[in-house]
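This report concerns only the one structure given below.
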């Protein structure tokens with residue numbers, strides 16, 4: 001419905017918050033970049049990252065992608081859409097999708113400057129790819145690192161890896177069915193991870209989380225350099241064990257990790273994890289919520305194109321915003 005918006009942390013009724021640095025950057029860009037009048041509506045569109053877009057707006061965002069640098073893909077980096085066939089699964093496509101996934105996670109408010117997403121290597125399934133230690137919204141193809149089965153960079157070339165890359169490496173080692181992993185610290189989910197109130201499915205899009213997810217609590221150890229971060233193979237293996245065969249694992253006082261068979265599914269699941277957690281928090285304030293039972297959760301997306309349907313839209317908007325930010329950075333350099 002036109003005009004309907006999601007609220008996100010830091011926004012007022014869905015409108016940009018002047019204290020939000022990411023929006024301040026985009027606001028500065030709309031004034032500082034030399035752009036034609038035709039692009040101005042799409043700058044305004046990108047400033048409201050949670051606004052539902054009309055068909056014309058989607059077309060405009062896609063047009064903006066083709067006009068901006070960085071080779072952004074107006075079709076959402078080839079992720080499947082309703083009636084649109086996905087491109088062949090190649091190593092190059094996975095890396096391109098990984099860059100876009102980083103942009104989506106930031107654009108959708110799933111991560112801020114922290115958090116990360118990975119994808120399994122197609123050429124060597126014991127290896128995986130994840131960005132260097134960088135704010136996800138700034139990720140480019142040159143920032144992607146390859147890791148071996150022991151979470152050691154294959155060729156870092158001086159680029160620093162995330163301290164918690166072990167989350168991805170040990171889950172990939174333990175779960176051959178998993179091809180993408182998302183880790184985030186979104187407040188609504190952390191609230192459930194850090195209390196005795198279980199996070200249960202309340203939204204019909206939660207087919208992947210039919211029951212309360214497990215909660216990971218770090219075992220005691222010596223010589224811990226980074227508190228409760230998953231900063232070693234041993235800790236990553238412990239997290240993977242807690243995850244087990246589940247799709248989601250909460251992490252006490254930390255965040256959550258969600259897995260999927262591909263990047264689009266993992267990112268979509270992360271998105272709806274947050275939406276579900278926020279709805280549950282709001283419902284608990286109002287009274288006694290009615291949660292979904294297992295059959296209801298299982299059939300929640302039956303008869304639809306599934307939760308990945310919004311992915312091409314997220315990709316178009318996120319890549320457009322990232323291209324604008326990169327253009328702004330290049331002009332400042």
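The values are calculated or read from the model by the stated rules, or taken from the named source; none is laboratory data. Everything numeric in this text was worked out from a predicted model, so none of it was measured. Note that we place each Cβ from the backbone using ideal geometry, even for glycine, and neighbour counts take in every protein chain shown.
If you go through region 184-203 one residue at a time, do you hit one that is buried (at least 17 other Cβ atoms within 10 Å of the Cβ), outside any strand (DSSP E or B) and at positive phi? For region 184-203, residues buried (at least 17 other Cβ atoms within 10 Å of the Cβ), outside any strand (DSSP E or B) and at positive phi: absent. Set side by side, the residues 156, 180, 161, 191 differ, and just one is closer than 19 Å to residue 272 by Cβ and in contact with a strand residue (DSSP E or B) (Cβ under 9 Å, 6 or more places away or on another chain), which is 180.
Checked across region 105-125, the condition of being in a loop (DSSP other than H, G, I, E, B), modelled with pLDDT of 95 or more, closer than 22 Å to residue 176 by Cα and touching a strand residue (DSSP E or B) at 6+ places or on another chain (Cβ under 8 Å) holds for at least one residue. Within region 207-229, if we keep just the residues that are at pLDDT 95 or above and part of a loop (DSSP other than H, G, I, E, B), the residue that is surrounded by the most Cβ atoms within 10 Å (Cβ to Cβ) turns out to be 213. Restricting region 126-138 to residues that are within 13 Å of the chain's Cα centre (by Cα), free of Cβ contacts under 8 Å to residues at least 60 places away in the same chain and not in a strand (DSSP E or B), the residue that is nearest to residue 263 (Cα to Cα) is 136. Every listed requirement among (1) at pLDDT 95 or above; (2) over 20 Å from residue 190 (Cα atoms) is met by residue 295 save one, (1).
Of the conditions (1) surrounded by fewer than 20 Cβ atoms within 10 Å (Cβ to Cβ); (2) touching a residue at least 40 places away in the same chain (Cβ under 8 Å); (3) not in a loop (DSSP other than H, G, I, E, B), residue 142 satisfies every one except a single condition; which number is it? Result: residue 142 fails condition (2) only. None of 283, 318 is at pLDDT 95 or above, over 20 Å from residue 258 (Cα atoms) and touching a helix residue (DSSP H, G or I) at 6+ places or on another chain (Cβ under 6 Å) except 318.
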